[in-house]
Amino acid sequence: MSINGFLPQRGNFRELIAFQKSECIYDITVLFTRQYLQKGDRTVDQMIQAARSGKQNIAEGCSASTTSRETEIKLLNVAKASLQELLLDYEDYLRINDFVQWSKDNPRLVKLRILCTQHNDSAYYRGIFEKCTPEMVCNLAITLIHQTDVFLRKLIDRAKDDFLKNGGIREQMTRGRIAYRNSDNSKLDQYD
């Protein structure tokens, strides 16, 4: 292990597709609850908090990843769980209001999946929100949640693999200290 490779900085969460999509989900959810749910309805706060938790836990987990893969994995799982909770809220809204959750073979869903794959910028979804019906918005959010879930699973798997390969912070610190002791820098320190 090189000394320069000791605890490489991680945590640029804004570049992660999972974070970008979760930000889209959050913005859509805020707009959806303002437009289609009654103010004071407990579901409004629950949906917004679940969407916020999904986004914020990705950011926090990735920011903690330099020193704690355990914390990263836990927080990414919290993000997944929060988004699953939100998924149920959107599914409930469709069912209770006699709207349709589009099936996998529905041509509208096929187009929507492609659209969601191509756009990870929340401004795009805020721009098209007014043109959408409540059914479309719910299916849009559901699609984004499913896509984000896939990326979160990949991030969690990568964090687990990295932990298995490199160990935790104590193991990395020990290896870094040993590498330093064996380096030329350590030998120069003896003459200071």
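Among the residues of the stretch 9-31, the one identified as open to solvent by less than 50 Å² (accessible area, probe 1.4 Å), at pLDDT below 90 and assigned to a loop (DSSP other than H, G, I, E, B) is GLY11. Test LYS104 against the criterion of being assigned to a loop (DSSP other than H, G, I, E, B), open to solvent by 40 Å² or more (accessible area, probe 1.4 Å) and either at pLDDT below 95 or of a type outside the set (Asp, Glu) (or both), and give yes or no. Yes, satisfied. Assessment of the stretch 83-96 against the conditions (under 21 Å from ASP149 (Cα atoms), open to solvent by 80 Å² or more (accessible area, probe 1.4 Å) and under 18 Å from the mean Cα position of the chain (by Cα)) yields at least one matching residue. Taken across the stretch 1-8, residues that are of a type outside the set (A, V, I, L, M) and assigned to a helix (DSSP H, G or I) do not occur at all. Restricting attention to the stretch 107-118 and to residues that are open to solvent by 50 Å² or more (accessible area, probe 1.4 Å) and of a type outside the set (D, E, K, R), the residue that is nearest to VAL150 (Cα to Cα) turns out to be THR117. Among the candidates ALA123, ALA141, the residue that is open to solvent by 20 Å² or more (accessible area, probe 1.4 Å), small (Gly, Ala, Ser) and at pLDDT 95 or above is uniquely ALA123. When the stretch 159-170 is filtered for residues that are loosely packed, with under 14 Cβ neighbours inside 10 Å and free of Cβ contacts under 8 Å to residues at least 12 places away in the same chain, the ones remaining, listed by number, are ASP161, LEU164, LYS165, ARG170.
The values are calculated or read from the model by the stated rules, or taken from the named source; none is laboratory data. All figures in this text were calculated on a predicted structure; none of them were measured in a lab. Using ideal geometry, Cβ is built from the backbone for each residue, glycine included, and neighbour counts are taken over all protein chains shown. Remember, those area values only see protein heavy atoms, side chains included, never the ligands or the DNA or RNA. Shrake-Rupley method; radii C 1.70, N 1.55, O 1.52, S 1.80 Å.
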